[in-house]
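Here the structure comes first, spelled out in structure tokens, and everything after it is commentary.
The values are calculated or read from the model by the stated rules, or taken from the named source; none is laboratory data. Bear in mind the structure is a predicted one, so any value in this text is a computation, not a measurement. Every residue, glycine as well, gets a Cβ built from its backbone with ideal geometry; the counts of neighbours run over all protein chains shown.
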Amino acid sequence: MTTIVLLTLLYLQISPPKDVRVFDTPNDAGGSITITWESSPDAEGYRILRMALPDSVYTPVDWVDAATKRYVDKVEDGVKYRYIIRTERGSAYADSEPTDEVWSHGNVFHRGRTNVLIGVAVYTTLLLSFIYFAKRGKKLFVRKIAGLDAVDEAIGRATEMGKPVLYIPGLSTISDVATLASLNILGRIARKAAVHGTRVIVPNRNPIVMPVCQEIVREACLDVGRPDVYREDDIFYITFSQFGYTAAVDGIMLREKPAANFFLGMFWAESLILAETGASTGAIQIAGTDAIHQLPFFITACDYTLIGEELYAASAYLSREPLSLGSLKGQDWTKLIIGGLIVAGVILVSFGSDWFLGLFSS
Amino acid sequence: MRRQLPLAICFVMGVSMVVQFFIPHRVSQEFYRTILDWYRIVFAFSLVLGTGTLIKVHWAKISKKSKGWQYSIITIGGLVFMLAVGFITGIQEGTLFMKIFEYVEVPLEATMFSLLAFYIASAAYRAFRARTVEATLLLIAAVVLMLGRIPFGYYLWHKIPGIAEWILTNPNMAAKRGIVIGVGLGMISTALKIILGIERSYIGGGK
């Protein structure tokens, strides 16, 4: 009988999880503690037990399955805790040693983003250096961008024909950098159009972008001394509906027959519908977007297309302001550095060295 | 002052958002959430502003009997009708408002979207004319890709789907990544120029 009891006890004896570690969850806003452990071969699952000091009783927090080796517990900042991880199998269980005291707090720096910070710092330094050189009068070469050279031609054509210019600032929100770049270009184009007294029609899909467009065109007209050219009704909101907006703009193109269409900003599936309709009216079309999937459509249906970064370079290119041109040179040098890093990465990884990749992971 | 103040606000907010990105602390997260809340509030008010301009523009067209003024009646009529239905029946599932949305608005949008197929056909015809070396390469790549995506391509030659996949994952991906790197740098550069006040054409500054 004694032998049977001993054998049963031996059978029921299970091992606790090993190497239980607790630490404040890194790179978070606080309020959480992470617990990790080495799994026990006997576990059907683990129960997480927590004791908030100065209490002396462990209370169950959660139960996790046998495959789990990591648990993030939501706690109160500044309170000290101890944990026990309990291996459970049927009614049998085995507790780990209680952990050291641990408490959570909010982190003031996201260490996983150190590489991003370094990258941004290097890039910013390069940009500011080139802007500084440009400010001191250093001549900077910028390659020709055909699409931007054609802006004058497009506005001139509209002026000669007595027809308006249609400007679509993309369909995205004001927080999209492509929209901001487009608004910068709108300022330049509105200025040139105002000099010639040409109307600029700007239909908007986003109600926040609309008043910004109105202000940009109004300021451009004022700046060149032509406030009479500004017509608030030409810059209006249509609808937030993507294809409702597309249908309305198509209608404007067919009724007003603008001599020049600008599609600059962020576009989605409507890009080809807009550009093809514009092409059918015989307008000069200049498009630019950073949406890679829409670029082939614009390239096919428009006379000129600004590809990706050219959209961001457009404002500097049109204004020829040394400060803005300096930033373009900074971009070019950064691309050179990135190219060098890619080549170095390819060589190092090909020879089996992975530490270089680690520099770029979070 | 009229120009300095927006530039100062832009600088402070721009720098704050950059710093916020690197700080996971609760205070920083709370600040970010507050900004997002403000954005939503501004968006809601701007919708009223936008709808106001919509009515103003179309009302002017109707009163002046401008070209196509009849369409303006439909626009304003539709807007007023949907507003009225929304207020009277509510906008929950099964209400008249939602039925109009599901059975009128959605099919209309789908119709516009489906027009894309015809536009793609005409655009493809123009793009794939083999008039230059580059256009010929594009044509060949396009034919291989289209064949690689259908069973007939495999039937013609079992390696065509593999070649199509290679075109997508190698030369195509390389070009895409090149553009993406340029776009990323352009974004940071534009943001930096706006934050530092170098780019100020959005407030009517610059040449």
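Taking the range A:269-288, which residues are out of contact with any helix residue (DSSP H, G or I) (no Cβ under 7 Å at 6 or more places or on another chain) and either at the interface with chain B (Cβ under 10 Å from one of its Cβ atoms) or aromatic (Phe, Trp, Tyr) (or both)?
Passing the criteria: only A:Ser280.
At pLDDT 95 or above and among the aromatic types (Phe, Trp, Tyr): does that describe B:Tyr125? I'd like the intermediate steps shown before the answer.
On the way: at pLDDT 95 or above: no; among the aromatic types (Phe, Trp, Tyr): yes.
Against the criterion (at pLDDT 95 or above and among the aromatic types (Phe, Trp, Tyr)), B:Tyr125 does not qualify.
The criterion of at least 2 residues that are touching a residue at least 12 places away in the same chain (Cβ under 8 Å), of a type in the set (Phe, Trp, Tyr) and surrounded by 20 or more Cβ atoms within 10 Å (Cβ to Cβ) is met, among helices (runs of 4 or more DSSP H) falling completely within the range A:198-299, by A:242-256.
Can you say whether B:Ile181 is under 30 Å from A:Tyr312 (Cβ atoms), modelled with pLDDT of 95 or more and within 28 Å of the chain's Cα centre (by Cα), as far as the supplied structure shows? The answer is no for B:Ile181.
Pull up the range A:318-359, narrow it to residues that are at the interface with chain B (Cβ under 8 Å from one of its Cβ atoms) and outside any helix (DSSP H, G or I), then point me to the one that is nearest to B:Arg200 (Cα to Cα). Only one residue fits best here, namely A:Glu321. Checked against the criterion of being on the phi < 0 side of the Ramachandran plot, in contact (Cβ under 8 Å) with a residue 40 or more places away in the chain and part of a helix (DSSP H, G or I), the candidates B:Gly77, B:Gly14 yield just one match: B:Gly14. One residue stands out in the range A:21-42 among those that are out of contact with any Pro (no Cβ under 7 Å at 6 or more places or on another chain) and of a type in the set (Gly, Ala, Ser): the one that is farthest from the other protein chains (Cβ to nearest Cβ), namely A:Ser32.
Looking across the range B:56-89, the residues that are surrounded by fewer than 14 Cβ atoms within 10 Å (Cβ to Cβ) and among the aliphatic types (A, V, I, L, M) come down to B:Ala60, B:Ile73, B:Ile74, B:Val80, B:Leu83, B:Ala84, B:Ile88. When you go through (1) buried (at least 17 other Cβ atoms within 10 Å of the Cβ); (2) part of a helix (DSSP H, G or I) one by one for B:Ile198, which number turns out not to apply? Status for B:Ile198: all satisfied but (2). The sole residue among A:Phe141, A:Phe109 that is among the aromatic types (Phe, Trp, Tyr) and away from chain B (no Cβ under 14 Å) is A:Phe141.
Checking the range A:162-174 against the condition returns no match, with no residue being assigned to a helix (DSSP H, G or I), surrounded by 14 or more Cβ atoms within 10 Å (Cβ to Cβ), in contact (Cβ under 8 Å) with a residue 12 or more places away in the chain and in the same structural domain as A:Pro207 (by TED's automatic domain parsing). Residues in the range B:107-137 that are of a type in the set (Lys, Arg) and either surrounded by 15 or more Cβ atoms within 10 Å (Cβ to Cβ) or not in a helix (DSSP H, G or I) (or both): B:Arg129, B:Arg131.
Screening A:Leu306 on (1) assigned to a helix (DSSP H, G or I); (2) closer than 14 Å to B:Gly182 by Cβ; (3) of a type outside the set (Asp, Glu) shows it passes everything except condition (1).
Being within 7 Å of chain A (Cβ to nearest Cβ) and within 23 Å of the chain's Cα centre (by Cα) holds for only one residue in B:Leu47, B:Leu36, and it is B:Leu47. The set of residues in the range B:158-203 being in contact (Cβ under 8 Å) with a residue 60 or more places away in the chain, more than 18 Å from A:Thr289 (Cα to Cα) and within 9 Å of chain A (Cβ to nearest Cβ) consists of B:Ile194, B:Leu196, B:Arg200, B:Ile203. Taken as a whole, the condition of being of a type outside the set (Val, Ile, Thr), modelled with pLDDT under 95 and exposed (fewer than 14 other Cβ atoms within 10 Å of the Cβ) applies to A:Gly90. Just so you know, in the range A:112-138 the residues that are among the aromatic types (Phe, Trp, Tyr) and surrounded by 14 or more Cβ atoms within 10 Å (Cβ to Cβ) include one that is farthest from the other protein chains (Cβ to nearest Cβ), and it is A:Phe133.
Given the options B:Lys56, B:Lys61, B:Lys67, name the one that is within 12 Å of another protein chain (Cβ to nearest Cβ), part of a loop (DSSP other than H, G, I, E, B) and charged (D, E, K, R). Within the list B:Lys56, B:Lys61, B:Lys67, the selection yields B:Lys67.
All conditions in (1) touching a helix residue (DSSP H, G or I) at 6+ places or on another chain (Cβ under 7 Å); (2) touching a residue at least 24 places away in the same chain (Cβ under 8 Å); (3) of a type outside the set (Ser, Thr, Tyr); (4) under 24 Å from B:His25 (Cα atoms) hold for A:Leu127, with the sole exception of (4).
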